[in-house]
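Asks: Submitted below is the structure of interest, expressed as structure tokens.
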Amino acid sequence: MEDNKQREADNALRSRFVRQEDGENFCYAINFLLRQFDGSKYFVPEYAKHRPAPQAILKSRYYEPATHRVVGSLLELLPGNMIHAGTFFGDMLPSFSSKSSGIVYAFEPVLENYILAKLTVDENKLENIMLFNCGLGRAFDLARIDCETENGMHFGGASRISSVGQIVPIVPIDSLSIDQLSILQLDVEGFELDALVGGTETIRRLQPVIMIEDNKRSCNDFLSSMNYSLVGKVPGLFIWCHSNSFAQRNALGII
């Protein structure tokens, strides 16, 4: 049964890449819809245009605009680097790039999503985006990521670690050896705790604002043990600040 599911996942991956043949030569391409608004180009995946983020971009508006506003407010008062995990096709990259005076470390493990995000970086000349085709976890590892429902609909940004799907590398945040971090933003479909544990030393050392999806609230105990407090929420993300950081609370309007 597991082998059949993997074959279906492999076939689904191939179906998202269009094979173009010319004699003995061939290449693979990804169909996308080009949209431009607010001074940026976006490469919306044809295979996931039914998902909320692509739908928003196709209507020339930001998905989860409150996230963009909070990131902007934080980086204005706490300038520096940020981690953005769960990049999807890069719909947030132009906005985050313009708001950050430092580097945006962006992570997207799904191959087809990564390629479109890379197009977004290149075509918009986002020179402070460091984009990785991998996921975040507790340690260096390999995992599979499931990208489709049983009826063939792409999960888009909701692709998740599973027993079937694409083989992807996993890296720990601590391996990046970042020397400054203002925001750690994770939207990794239930894998938030693993990503946080892999960044334990970075979090302890740099004390960034942490913005995480964490729908199952599995990160509460870990973050509390790191002396963090839950201070707010925007659609899709919980916001945690280090308990001793007046600057973070002030940046969020929390005294």
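Read the figures in this text as sums done on the coordinates, not as results from a lab. Quick caveat, the model's predicted, so the values are computed rather than measured. Cβ sites come from the backbone with ideal geometry, for glycine too, and all protein chains shown count toward neighbours.
Asks: Select from Phe89, Phe107, Phe155 the residue whose mean-square fluctuation is largest in a Gaussian network model of the chain (Cα-Cα springs shorter than 10 Å).
Replies: Phe155
Asks: Listed highest first by mean packing, meaning other Cβ atoms within 10 Å per residue, what order do 141-152, 198-209, 239-250 come in?
Replies: On the way: 141-152: 15.5, 198-209: 20.2, 239-250: 18.3.
Ranking the peptides 141-152, 198-209, 239-250 by packing returns 198-209, 239-250, 141-152.
Asks: Something else now. Once phi is turned into ³J(HN,Hα) by the Karplus curve 6.51 cos²θ - 1.76 cosθ + 1.60 with θ = phi - 60°, what whole-Hz value does each residue of the stretch 183-198 show in order, with x for glycine and proline?
Replies: Taking θ as phi minus 60°, the curve returns 9, 10, 10, 10, 10, 10, 6, x, 9, 4, 4, 4, 5, 5, 4, x Hz for the stretch 183-198.
Asks: If you don't mind, another one. Give the relative contact order (percent, whole number) for the chain; include only Cα pairs under 8 Å separated by 6+ residues.
Replies: 16
Asks: Same structure, new question: 5 Å is the cut-off here: which amide hydrogens, built 1.01 Å from N in the peptide plane, fall below it relative to Leu136, excluding neighbours closer than 5 in sequence?
Replies: Here the answer is Val171, since their amide H atoms fall under 5 Å of that of Leu136.
Asks: Cut-off under 26 Å on the C-alpha distance; same-chain residues fewer than 8 positions from Lys49 excluded. Which lysines are left, in chain and number order?
Replies: Output for Lys49: Lys5, Lys41, Lys59, Lys118, Lys125.
Asks: Please grab the % of Cα pairs in the chain that end up more than 27 Å from each other.
Replies: Everything past 27 Å amounts to 36 percent.
Asks: So which residue, out of Leu93, Leu33, Leu193, gets the largest mean-square fluctuation from a GNM of the chain using Cα contacts under 10 Å as springs?
Replies: Leu33
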